[in-house]
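Below: the structure, in structure tokens.
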Amino acid sequence: MNAESTPPNRTALLVFGWAWVGLPFAYGVYALVQKVTLLFAG
Amino acid sequence: MPPAALAVHLSIGQVYAWSVFKSPLETEMGLSGTASALPFQLGIVMLGLSAAFGGTLVERNGPRWAMFVATACFSSGFLISALGVVLGQYWLVVLGYGAVGGIGLGIGYISPVSTLMKWFPDRPGMATGIAIMGFGGGALIASPWSAGMLSAFGDGRGAIAQSFLVHGLVYAVFMSLGVFLVRVPPEGWRPRGWVPAEKAATSMITTANVSARNALRTSQFWLLWGVLCLNVTAGIAILEKAAPMIRNFFAATATPVGAGAAAGFVALLSLANMAGRFVWSSISDLVGRKNVYRLYLGVGALLYLVIALAGDTSLPVFVLSAMLIISFYGGGFSTIPAYLKDLFGTYQVGAIHGRLLTAWSAAGILGPLVVNAIADAQERAGASGPQLYALSLYIMIGLLIVGFTANELVRPVDPKHHEPVADDENRERHESGEAEVER
């Protein structure tokens with residue numbers, strides 16, 4: 001069996017899944033970048 | 001599948017943000033620094049043990065079962081801890097977060113690994129890199145989130161208990177996505193247009209399978225155990241002392257590093273750790289696992305030498321070298337499942353990976369022990385600045401060279417350890433199905 005026989009498009013679920021994990025991750029990266037600037041600014 | 005894996009790994013990665021709770025617990029429950037670290041330390045020990053002993057169960061019952069167990073244990077750990085804080089019983093916090101939560105860490109860590117490699121047989125390094133990057137990224141989310149929550153709930157034991165309660169509930173919901181989404185591919189599934197390469201006589205990528213029990217009887221398993229242990233030891237040595245190390249290094253220069261800048265350095269290392277897990281592991285799909293470990297261990301040793309020789313002459317050189325070392329540390333974690341898959345096949349790679357993670361527990365003790373003991377001894381001897389760490393740096397170079405040598409000794413597994421082909425065929429017949437298997 002190969003990828004041609006995978007189930008129908010699940011775009012909505014895929015977008016939801018990535019947003020579920022991506023948004024908290026983006027928040028974490030944002031908080032981190034704010035700290036990193038202190039190394040060269042402070 | 002990657003969001004399912006990330007939902008679990010981004011959650012359990014919270015363990016690296018435990019330090020946020022240390023000071024409040026010490027203040028409100030009258031604990032020493034050593035005592036407040038106990039839940040974290042027990043959690044890491046339980047991670048290694050549950051991954052080692054639970055690996056076979058995970059293989060047998062599937063990733064959905066494993067993610068459910070991980071969710072239940074990790075969330076319950078917070079809820080038990082909340083109860084412990086309310087009742088003023090610290091042992092309940094240790095038991096809850098450390099023991100119960102620690103089982104969630106171990107089972108959760110290995111839960112998506114073999115499934116990801118089955119979904120992405122063409123890029124197993126990238127696949128595991130995504131998930132294990134999540135473990136590195138978990139603290140990035142939890143650290144500011146937990147600190148903000150503690151601040152919002154005010155002072156007193158009630159604030160800590162409420163924070164634990166909210167953590168338990170939110171992580172239960174967040175991790176449930178993984179339980180809901182995870183799927184095992186049908187037997188024989190492969191990506192469009194991808195044809196497995198024919199096995200060469202000297203290939204480091206096997207098409208055979210080795211059971212977890214037999215893997216322990218091979219030199220390859222123990223060589224990789226040593227490689228992982230030494231690579232992690234070298235990384236932890238910097239991670240564990242990052243903030244005091246950079247401050248000590250540049251204390252006597254015209255531009256000393258302040259507390260805020262040191263926090264920025266720690267954050268930068270977190271970023272390198274996380275990025276290394278994805279980038280180097282993905283590159284290993286192109287250049288091979290053995291070569292990428294040559295990079296981690298060989299170039300890592302050279303970078304330690306650069307730090308030792310450069311001393312306090314250049315802050316950018318120090319920061320860049322440390323970042324690369326930590327990226328190799330992260331890469332070592334995320335590349336090892338694919339290395340195991342190459343050598344032992346996908347049959348019980350999750351269980352084998354679980355057993356190998358005991359190397360992490362050993363390194364977690366060895367690395368900080370070496371650096372702290374030497375730095376303390378040097379300080380007592382009147383040393384300062386880079387001299388505090390010089391001996392540790394040279395010891396790390398030695399350990400990385402030993403790890404490099406161990407990696408060079410890794411050869412394909414002797415066919416006598418392979419599972420009988422007939423068994424494979426029986427298993428395939430037994431497990432075959434056209435639809436995705438949900439378990």
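The values are calculated or read from the model by the stated rules, or taken from the named source; none is laboratory data. Bear in mind that the values here come from a model prediction, so they are computed numbers and not experimental data. Heads up, the Cβs are rebuilt from the backbone with ideal geometry, glycines too, and the neighbour counts pull from every protein chain shown. Protein only, heavy atoms only, side chains kept; ligands, DNA and RNA dropped before computing areas. Shrake-Rupley method; radii C 1.70, N 1.55, O 1.52, S 1.80 Å.
Using a Förster radius of 35 Å, what is the FRET efficiency between B:S384 and B:V287 based on their Cβ-Cβ separation? Nearest 0.05, please.
Working from the Cβ atoms, E equals 0.25.
Looking at chain B, do any whole DSSP H helices span at least 27 angstrom along their long axis by alpha carbon and average -1.0 or above on Kyte-Doolittle, and which?
On the way: long enough: B:33-61 (40 Å, 0.86); B:63-87 (35 Å, 1.50); B:124-153 (43 Å, 1.11); B:157-181 (37 Å, 1.48); B:219-239 (30 Å, 1.63); B:259-287 (40 Å, 1.23); B:315-344 (43 Å, 1.34); B:358-380 (33 Å, 0.54); B:387-408 (32 Å, 1.35).
Length and hydropathy pass: B:33-61, B:63-87, B:124-153, B:157-181, B:219-239, B:259-287, B:315-344, B:358-380, B:387-408.
Over chain B, what is the relative contact order in percent, taking alpha-carbon pairs closer than 8 angstrom and at least six residues apart? Provide the component values of the computation, followed by the final result.
Details: 788 pairs, mean separation 109.9, N = 439.
Worked out over chain B, it gives 25 percent.
Put +1 on the Cβ of every Lys and Arg and -1 on every Asp and Glu Cβ in the stretch B:212-417; which of B:A377, B:I401, B:A261 then has its Cα farthest towards the positive end of the dipole?
B:I401
Quick one: if you stick a label point 7 Å off each Cα along the C-beta vector at B:L295 and B:V402, how many nm between them?
The modelled label-to-label distance comes out at 2.6 nm.
Please state the relative contact order of the stretch B:66-176 as a whole percent: Cα pairs under 8 Å, 6+ residues apart?
37 percent
Going 7 Å from the Cα of A:V15 in the Cα-to-Cβ direction, what parts of the stretch B:1-43 have a backbone nitrogen less than 20 Å from that spot?
Answer for the stretch B:1-43: B:1-4.
Using every alpha carbon pair in the stretch B:257-326, what percent of pairs falls into each 5 Å bin from 0 up to the bin containing the largest distance?
The percentages, shortest bin first, are 3, 16, 21, 23, 18, 11, 5, 2, 0.
Which three lengths, in whole Å and largest first, does the protein assembly as shown cover when its Cα atoms are put on their principal axes?
67, 50, 38
Give, ordered by residue number, each residue of the stretch B:107-156 whose 1.4 Å probe accessible area is reduced by a minimum of 40 Å² on adding the remaining protein chains to the chain alone.
Those residues are B:L140, B:I141, B:P144.
The stretch B:249-370: percent of C-alpha pairs farther apart than 20 Å? Mind showing how you got there, number by number?
On the way: 3913 of 7381 pairs.
Here the tail beyond 20 Å accounts for 53 percent of pairs.
When the Debye formula is applied to the Cα atoms of the stretch B:77-177, each taken as the same point scatterer, what base-10 log of I(q)/I(0) results at q = 0.11 Å⁻¹?
-0.42
Could you compute how much accessible area chains B and A hide from each other, both sides summed, with a 1.4 Å probe? Nearest 100 Å² is fine.
2700 Å²
Lys/Arg Cβ at +1, Asp/Glu Cβ at -1, dipole of the protein assembly as shown taken about the Cα centre: which of B:G168, B:G88, B:L230 is farthest positive-ward?
So the residue we want is B:L230.
Need the full-extension length gain, B:A259 to B:I365, defined as separation in residues times 0.36 nm minus the C-alpha distance. One decimal, nm.
Numbers: separation 106, 0.36 × 106 = 38.16 nm, distance 2.63 nm.
Gain on extension, B:A259 to B:I365, equals 35.5 nm.
In whole Å, how far is the Cα centre of the stretch B:340-393 from that of the stretch B:251-293?
The two parts, judged by their Cα centres, are 16 Å apart.
Mean 1/r over all different Cα pairs, inverted: what Kirkwood radius does the stretch B:212-417 give, in Å?
In the stretch B:212-417 this quantity evaluates to 17.5 Å.
Show me, bin by bin at 10 Å from 0, the whole-percent P(r) of the stretch B:2-189 based on Cα pairs.
Histogram of Cα-Cα distances, whole percents per bin: 11, 39, 32, 14, 4, 1.
Rounded to the nearest 10 Å², what accessible area does B:E26 have for a 1.4 Å probe in the complete protein model?
Result for B:E26: roughly 50 Å² accessible.
Could you give the radius of gyration (one decimal) and Dmax (whole number) of the Cα atoms in chain B, in Å?
Rg, Dmax (Cα atoms, Å): 22.1, 71.
Percent of accessible area on the stretch B:212-417 owned by carbon and sulfur, 1.4 Å probe?
67 percent
Nearest 0.05, what FRET efficiency do B:L302 and B:W222 give at R0 = 22 Å with Cβ-Cβ as r?
Plugging the Cβ-Cβ distance into 1/(1 + (r/R0)^6) gives 0.25.
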